[in-house]
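First up is the structure itself, then whatever we jot down about it.
Taken together, the values in this text are just the output of simple stated rules run on the coordinates, not laboratory data. Bear in mind that the values here come from a model prediction, so they are computed numbers and not experimental data. Don't worry about glycine lacking a Cβ; one is built from the backbone with ideal geometry, like all the others, and counts go over all protein chains shown.
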Amino acid sequence: MKKIKIDEVQGSFLIEGDRYADDRGWFQEIYSTSKEYPHLIGRDRQVNMSCSKKGVVRGMHVAPFSKLCTCVRGRVYDVVADMRESSTTYLKWFGVWLDDQNKKQLFVPAGCAHGFFSGEEDSLFLYLQDGTYNSAVEKKVNWRDPKIGIVWPPSQEYILSEKDKYTEMI
């Protein structure tokens with residue numbers, strides 16, 4: 001397992017997991033409390049999975065808990081943006097392609113905005129979070145906010161939920 005620090009967003013990092021292949025296919029450990037993920041160990045945990053059509057943008061959502069993100073099938077452009085005013089990387093962002101072949105995972109620190117773009121049809125996206133969803137504490141950031149300036153992959157169409165489509169700018 002290789003942990004790669006991301007300078008653009010303080011506290012975020014990429015993980016390149018070990019994958020073990022044989023004639024049956026492959027095996028990859030996604031998460032273990034006994035390894036390099038002590039920051040994710042919390043009282044409340046939730047595991048989520050979404051399936052997205054090509055062109056879907058989900059986010060940007062800010063939660064008071066961290067997330068460990070993995071693409072199980074397809075390809076997604078995963079983005080973290082620092083929304084913590086006290087952080088040295090406030091309003092900076094980082095994006096990376098995750099897919100079912102590159103073995104990468106993105107760690108999103110608590111208080112950062114998170115979202116992704118589906119680059120392929122029926123992309124499956126899995127994320128472990130160290131807290132449970134609560135709409136009363138979640139904040140939204142407009143995915144096109146010029147103060148952050150995220151450069152999304154080009155698409156003929158971006159498909160967003162009503163909630164994400166009309167989020168105000170910061």
Check the straight Cα-Cα distances from K5 and name the lysines below 24 Å, setting aside those fewer than 8 residues away within the same chain. K35, K67, K92, K103, K104, K147
Under the Debye formula (equal points on every Cα, no solvent term), log10 I(q)/I(0) of the chain at q = 0.11 Å⁻¹: -0.43
Using the Cα atoms as the points, what is the convex hull volume per residue of the stretch 65-165 in Å³? 115 Å³
Ellipticity estimate at 222 nm from DSSP helix runs (n ≥ 4, -39,500 (n - 2.57)) divided over the chain, nearest 500: -500 deg cm²/dmol
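Between Q46 and E85, what FRET efficiency follows from the Cβ-Cβ distance if R0 is 25 Å, with the result rounded to 0.05?
Working from the Cβ atoms, E equals 0.45.
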Within the stretch 1-153: Cβ-based charge dipole about Cα centre, in debye rounded to nearest 20 (Lys, Arg +1; Asp, Glu -1): 280 debye
Remind me, relative contact order of the stretch 24-170 in percent, using alpha carbon pairs under 8 angstrom and six or more residues apart? 35 percent
What FRET efficiency comes out for S155 versus R73 if R0 is 22 angstrom and r is the Cβ-Cβ distance? Round to the nearest 0.05. 0.70
Taking R0 as 22 Å, what's the FRET efficiency between I30 and K139 from their Cβ-Cβ distance, rounded to 0.05? 0.25
HN-Hα couplings for the stretch 109-119 via Karplus (6.51, -1.76, 1.60; θ = phi - 60°), in whole Hz with x for Gly/Pro, come out as x, 4, x, 9, 7, 9, x, 8, 10, 8, x
Gain in length, K147 to Q101, computed as 0.36 nm per residue apart minus the alpha-carbon separation, to one decimal in nm? 13.3 nm
